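Sharing a structure below in structure tokens format, with a few things to ask.
The values are calculated or read from the model by the stated rules, or taken from the named source; none is laboratory data. Everything numeric here is computed off the predicted structure, so don't read it as measured data. Neighbour counts are summed over all protein chains in view; Cβ atoms, including those assigned to glycine, are modelled from backbone coordinates with ideal geometry.
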Amino acid sequence: MERISNDALADAFIEEKIGELRAQIGDRKVLLALSGGVDSSVVAALLIRAIDKNLVCVHVNHGLLRKGESEQVIEVFRNQMKANLIYVDASDRFLDLLKDVTDPEEKRKIIGGEFIKVFAEEAAKLEGIQFLGQGTIYPDILESEKGIKAHHNVGGLPEELQFELVEPVKFLYKDEVRVVGKRLGLPESMVDRQPFPGPGLGVRCPGAITRERLEAVRESDAILREEFEKNGLAGKVWQYFTVVPPFKSTGIKDGERSFEWLVIIRAVNTKDAMAATIERIPYEILEKITARITSEVKGVNRVLYDLTPKPSATIEYE
Ligand code: XMP
């Protein structure tokens, strides 16, 4: 099949899929876990076109999302596309369960397990659902066949839910999903998003997650993204984020000794995330970001730039 690389090909794909989806689903209902990531957003937009209100989207906020993410999901899908969207703020549930948990894999397990629980609870409240929509894309199929990415999908949903699957983009590559998403009217900020791990900011708040340190990760990440967008780096750098390790260092604030968190900036380039190089960010931009983070983010007095490629380091810190 020809790779979907332009509007005409995307339109043809959309039209064909809408026909197939209508034939498969009829007037029955589909449930979709909508994270706001590229894949689930595109599946949602396709299903809205195909079956409108017979799609029920559930957006679970696990408290580890970036600043503004849930708001964007609500704005785009509920307000603009008039989707049937259930928003569940489960932040407290997740953060309470994660309290004092330091082991990274344990953290991932808790986040993934609780996500399924919350989603299943919402599904149980609904009647007449026959299908489960999923944003599976072609690399997911290839990688799970090879056993590479088993742990990577928090959205990997409960088989015990017993729904028939609807996976309209499962033969597309990411770049094709983005082209289709734009033609479906999704905002570029959603369709061109950098990769974001399922456990979210949880793996960028190493060690036991506290609400205070998580807030420092979220606020510093928002500043980094804003400055990257302003300075033309957002579309150029593959993945960029901040990390706040679980220790403090001495500094000076308002002429007095301060003992506060530090923020690490990471900005990497890669093709397939198996190996990565470091982006050479101009010093003036790094200085600007440092000044903003130390003055705007509560409880932070120091900023570092991570120069380590993968290998020896991984992209994320946990
Ligand atoms: P690492 O840290 O292994 O990351 O070099 C490679 C890519 O995978 C993402 N990543 C994850 N994605 N769940 C996900 O959905 C995870 O648990 C997870 N861990 C890492 C990471 O952001 C990078 O893009």
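Listed here are the residues, each with its yes/no results for (1) modelled with pLDDT of 95 or more; (2) of a type in the set (G, A, S).
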site: P206; (1), (2): yes, no
site: E215; (1), (2): yes, no
site: A222; (1), (2): yes, yes
site: R225; (1), (2): yes, no
site: E229; (1), (2): yes, no
site: G235; (1), (2): no, yes
site: F241; (1), (2): yes, no
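Scan the stretch 45-99 for residues that are in contact with a Cys (Cβ under 8 Å, 6 or more places away or on another chain) and among the aromatic types (F, W, Y) and jot them down.
Result: F77, single match.
Then there's this: Give me the residue from the stretch 75-126 that is within 15 Å of the ligand (Cβ to nearest atom) and part of a loop (DSSP other than H, G, I, E, B) and, out of that set, surrounded by the fewest Cβ atoms within 10 Å (Cβ to Cβ).
If we filter the stretch 75-126 for residues that are within 15 Å of the ligand (Cβ to nearest atom), which is where we start, we get 94, 98, 101, 103-116.
When the remaining residues are screened for being part of a loop (DSSP other than H, G, I, E, B), the result is 101, 103.
Numbers: V101: 16, D103: 12.
The extreme case among them is D103.
Still on this structure: Starting from the stretch 261-288, take each residue that is of a type in the set (G, A, S) and list its partners that are within 16 Å of the ligand (Cβ to nearest atom) and assigned to a strand (DSSP E or B), counting only C-beta distances under 6 angstrom and pairs at least six apart or across chains.
Short answer, once both residue conditions are applied: A267/Y240; A275/K310; A276/V268; A276/K310.
Can you pull out every residue in the stretch 260-278 that is of a type outside the set (A, V, I, L, M, F, W, C) and more than 14 Å from the ligand (Cβ to nearest atom)?
E260, the sole residue that qualifies.
Sticking with this one: So, S70, is that one more than 17 Å from L126 (Cβ to Cβ), assigned to a helix (DSSP H, G or I), assigned by TED's automatic domain parsing to the domain that holds E176 and among the hydroxyl-bearing types (S, T, Y) or not?
Here the answer is yes, as S70 does meet what is asked.
If we scan the stretch 218-225, do we find a residue that is without any contact (Cβ under 8 Å) to a residue 60 or more places away in the chain and not in a strand (DSSP E or B)?
Let us first name the residues in the stretch 218-225 that are without any contact (Cβ under 8 Å) to a residue 60 or more places away in the chain, namely none.
No, because not a single residue in the stretch 218-225 is without any contact (Cβ under 8 Å) to a residue 60 or more places away in the chain and not in a strand (DSSP E or B).
Which residue out of A216, A208 is of a type outside the set (D, E, K, R), buried (at least 17 other Cβ atoms within 10 Å of the Cβ) and more than 25 Å from E143 (Cβ to Cβ)?
A216
Another one. Looking at the stretch 192-213, which of its residues are aliphatic (A, V, I, L, M) and under 16 Å from the mean Cα position of the chain (by Cα)?
Within the stretch 192-213, L201, V203 meet the criteria.
Of the residues G299, G232, G255, only one is away from the ligand (no atom under 16 Å from the Cβ), surrounded by 12 or more Cβ atoms within 10 Å (Cβ to Cβ) and farther than 17 Å from R66 by Cβ; which? Can you show your working first?
Working: G232 fails: surrounded by 12 or more Cβ atoms within 10 Å (Cβ to Cβ); G255 fails: surrounded by 12 or more Cβ atoms within 10 Å (Cβ to Cβ).
None of the others qualify; the one that does is G299.
Scan the stretch 138-156 for residues that are at pLDDT below 65, out of contact with any helix residue (DSSP H, G or I) (no Cβ under 6 Å at 6 or more places or on another chain) and among the hydrophobic types (A, V, I, L, M, F, W, C) and jot them down.
Those that are at pLDDT below 65, out of contact with any helix residue (DSSP H, G or I) (no Cβ under 6 Å at 6 or more places or on another chain) and among the hydrophobic types (A, V, I, L, M, F, W, C): I148, A150.
Another one. Tell me, which residue of the stretch 302-318 that is closer than 20 Å to E260 by Cβ and of a type outside the set (F, W, Y) is nearest to the ligand (Cβ to nearest atom)?
Within the stretch 302-318, the match that is nearest to the ligand (Cβ to nearest atom) is D306.
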